[in-house]
1. With the condition kept exactly as written, say whether any residue in segment 289-302 is over 27 Å from LEU45 (Cα atoms), small (Gly, Ala, Ser) and over 18 Å from the mean Cα position of the chain (by Cα).
2. Determine which member of the set ARG169, ARG227 is in contact with a Ser or Thr (Cβ under 8 Å, 6 or more places away or on another chain) and either open to solvent by 50 Å² or more (accessible area, probe 1.4 Å) or acidic (Asp, Glu) (or both).
3. Taking segment 91-114, which residues are open to solvent by less than 50 Å² (accessible area, probe 1.4 Å), in contact (Cβ under 8 Å) with a residue 60 or more places away in the chain and over 12 Å from ARG140 (Cβ atoms)?
4. Considering only segment 253-350, give the strands (runs of 3 or more DSSP E) lying wholly within it that have at least 3 residues that are under 20 Å from THR206 (Cα atoms).
5. For segment 22-39, give me each residue that is outside any strand (DSSP E or B) and charged (D, E, K, R).
6. Sort out which residues of segment 115-134 are within 19 Å of the chain's Cα centre (by Cα) and either within 18 Å of TYR7 (Cβ to Cβ) or among the β-branched types (Val, Ile, Thr) (or both), and write them in order of number.
7. So which residues in segment 72-88 are under 20 Å from the mean Cα position of the chain (by Cα) and open to solvent by 20 Å² or more (accessible area, probe 1.4 Å), if there are any at all?
8. Have a look at ALA124, ALA152 and point out the one that is at pLDDT below 95 and either open to solvent by 10 Å² or more (accessible area, probe 1.4 Å) or on the phi < 0 side of the Ramachandran plot (or both).
Amino acid sequence: MYNTKAYSAASATSPLASDTIARRDPTDRDVQIEILFCGICHSDLHSVRNEWGGAVYPIVPGHEMVGRVTQVGSAVTKYKPGDLAGVGCMVDSDGTCPQCKANLEQFCPNLTLTYNSPDQHKTAPVTYGGYSDSIVVDERFVLRVPDNLDLAGVAPLLCAGITTYSPLRHWGVTKGKKVGVVGLGGLGHMGVKFARAFGARVVVFTTSPDKTEDALRLGADEVVVSRNADEMQKHAGSFDFILDTVSANHDINAYLNLLRLDGNITLVGAPENPLEVSAFSLIVGRRSLSGSSIGGIAETQEMLDFCGEHNITADVEVIPIQKVNEAYERLLKSDVKYRFVIDMASLKSE
């Protein structure tokens, strides 16, 4: 084992603070990565404050990492020191279940999340995430990062990117489709960029009229203020697919009624309270409502390669790690366009 600098929270009410954690020495299948940038996901905040339950402290969050390979094990074939690499929301799975064999590791019943999951290697009680100098990960869960993209903007692709890319791909969003994106935050702005790159006609739904200019800049063809019933009615029965990124409570039936025959809404936001769905909103037009999390490793690599080809990155605000607690407070107020990313070089001054 070796020690590395990190930022951790000691309890649900403690601020994140400088710490030292243990990492395992690379095994023959492992890749050691110096972390250059790490995105801040809203789930980091939920986890640190134990809002979803089950947090084990100290907790080192972070599952949107971009860095440079510093060491590889003897059996590693895909990476060498100096390569750019990424790590997302998961770092291990059983590799034998039907889901793993179908390249859907995110649904493995024995999935190991990047942080706060039981550590299969027994280096610590749980896994520690990307708010740290370095990480050691099984080669199977390391991703190639295109070298033509801004690395800070790449980091959120490892969660926000794949979370929106996967359902758009799954439901066949292509040229000529009409796609809605509900909400224009960390997830929504990526949904707009991907849908536009796939060739779809993109309509953003927002409760904030002042987001119109930014939505158009990001690639939307039209912006609808969802509180305006007349604007909503104009689009009734016309969408092939709607990506719902909103985590606040909202009327899902208003969006179901915008779908055409066999249209689908996929939820990637997670409202605190259950959504009330009218059966008739689904029955009329044979519409469907589904959910999606992240993607498997193969699909995440596909997404990164697509981003390299189309020059797609997240819109980010880069911060030093010393401002992470301030960033969490701003995140609660949605005061960021559109993701915070930590420049991990700032950790060296701790």
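1. no
2. ARG227
3. GLN106
4. Those strands (runs of 3 or more DSSP E) span 259-267.
5. ARG24, ASP25, ASP28, ARG29 - these are the residues of segment 22-39 that are outside any strand (DSSP E or B) and charged (D, E, K, R).
6. Scanning segment 115-134 gives TYR115, ASN116, THR127, TYR128, GLY129, GLY130, TYR131, SER132.
7. Listed by number, the list holds a single entry, LEU84.
8. Only one candidate qualifies: ALA124.
The values are calculated or read from the model by the stated rules, or taken from the named source; none is laboratory data. Remember, it's a predicted structure, so these values are computed and weren't measured experimentally. Counting neighbours? That spans all protein chains shown, and the Cβs are built from the backbone with ideal geometry, glycine included. Note: accessible area is taken over every heavy atom of the protein model, side chains too, but ligands, DNA and RNA are not part of it. Shrake-Rupley method; radii C 1.70, N 1.55, O 1.52, S 1.80 Å.
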